[in-house]
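S.K.: Once you've had a glance at the structure underneath, I'll fire off some questions.
The values are calculated or read from the model by the stated rules, or taken from the named source; none is laboratory data. Here the structure is a predicted model, which means the values were calculated and not measured. Here Cβ is always computed from backbone atoms with ideal geometry, including for glycine, and neighbour counts include all displayed protein chains.
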Amino acid sequence: MLKNRWRLYAWNAVLSLALIGCSGDAYVAPEGPLPPNTILLSGMMRELSAIPGFTDALLAKLNGGKQGPALMTPDLIKHLRELILGKNWQSLNRFPGWTLAGINPTVKVAGRVVAKKDDATNANKGSEEHPPIETGPITSERVKPYIDLGPYMLEKAEVVDLDKPSTLPGFAAEDIVSELGAGVVRGDGPNATLAPLHAESQRLADVLNRATLNSLSQAARLTATVAGTTVSTPEELIAALANTGHTVVVYDARYFANFGHFHYKGQEVMMPFWIDSQIRIPGERRSLLVPVSHAEYEWEIRGPKINANLSWYFGIDGKSEFRTMDTQDQAWVLGRHAHTYTGKDAVEVTRLVGRMMVAFMHQHLRRPDLPFGGYYPLGVCQDGVAAIEKKITGDDTLFPNTADTALFDDPRDVEVNAMMAAIPKDFEGGKPSPERIFGSLPSDDLNAITVPGLADDLRRVRAAWQDGSLERTPTWMRKMATRAVGIAAIGLLAWLVIRRRRHHAQ
């Protein structure tokens, strides 16, 4: 009996150690206070998940389209579904809460599947790592999935008179807002200030996109005229506007990425996408989880002929392009201008954006089967903005960067290749610096952040960073290795105790 009791004690010790860290801290993410007219995703799904088929319909909407940057790999969609159907609201409030290294494998697996498919069907067309550079004509049909050209085509030369008003239609909410039923709407309505400028903004975005691709269609170029000046590149157009009485300002803007763009019964649905920063919350075992931020360049143009607002980023739709920005952001995503560029700097940002767009197009045409439209292997919205920020200011203040720089090998894009290589890499699970974590935030004032619990965590981490006491949390592999060593030590101790008891019993 004594022997069995000691054996039970030993195994209980081993089991207790094995469970250390598995259950995590007892931290409960707060669900309030919330801004007025706002509800958490968990609050919406508490009410709606019981409706047959609704969860799958919602996930189907998230798994396609161009609304909001998010790393929605198949495993993440599966994980989200499990949390909702399992009514795990606490985890849903910090979804997914993984490190970037934890997200990587699903993307890499998809990439390998594509590579095998290409190897089987395109055996004589070069390797997946270094596909051939095409020298033939590039058609509008081929570039259409990767950039919006509006009414313009690569096969046709165009001259656009920007002195004349745009004839394009105005803002139409029905193009971007859809009803999901049960009081749920996806998509944001018009921004009261910017939506009235939609026709002019859309024309300018189309012209800039098409002019950017002039290098791919030298025989059929688009040119634009403004106040007697003829231009054929984006940077020439921005310079011409500035020289003809227009005010041109370019902002490096950061927001919290809106994961869903959902509205429920007229309320904004707070739906961030959380990533583990691998920075320890002072005094606790848990990591600082931060919502993924969205970064973009924004052009504000005001003048005698053109009044427009545009943005540029590489989106989850796989498009690196100029876009209109005339919808109303939800209040919780905030917004901050990390840098403001005017004059020659505004022209230079525009030039670099154009080079970036051409480099991305080269990648798309050489590697058309990249998973997720190239989103993630070619980077997310942050990568291009971070690369340009580094080029102009010498600093990089964005997280995460996911681009696999081995893909940026095209000899036609030497400048962009070097820029992408110069920024920090997170796709291999590196630990981001606090400068990049805080630099990505959409507000300098932490009190303005309304995501429940986040501002307090950020204040504590910032204080530790400033006083030099900041600590990192161990990686998953380190946790497992430490746990395994501990289990082995306890096992050895238990064996020695049992052996000693046996010896005394004899």
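S.K.: Does M45 fit the bill of being crowded, with 16+ Cβ neighbours inside 10 Å and at pLDDT 90 or above?
M.R.: Yes, satisfied.
S.K.: Could you identify the single residue in A224, A199, A195 that is of a type in the set (A, V, I, L, M), touching a Pro at 6+ places or on another chain (Cβ under 8 Å) and either in contact (Cβ under 8 Å) with a residue 24 or more places away in the chain or over 30 Å from F262 (Cβ atoms) (or both)?
M.R.: Just a single option satisfies the conditions, and that option is A199.
S.K.: Quick one: in region 230-266, of everything that is surrounded by 21 or more Cβ atoms within 10 Å (Cβ to Cβ) and part of a loop (DSSP other than H, G, I, E, B), which residue is modelled with the lowest pLDDT?
M.R.: Among residues in region 230-266 that are surrounded by 21 or more Cβ atoms within 10 Å (Cβ to Cβ) and part of a loop (DSSP other than H, G, I, E, B), the one modelled with the lowest pLDDT is F259.
S.K.: I've got another one for you. Give me a count of the residues in region 142-180 that are surrounded by fewer than 18 Cβ atoms within 10 Å (Cβ to Cβ), outside any loop (DSSP other than H, G, I, E, B) and among the hydroxyl-bearing types (S, T, Y).
M.R.: Qualifying residue count for the region: 1.
S.K.: Among what's in region 154-172 and is of a type outside the set (D, E) and in contact (Cβ under 8 Å) with a residue 60 or more places away in the chain, pick the residue that is farthest from A224 (Cα to Cα).
M.R.: F171
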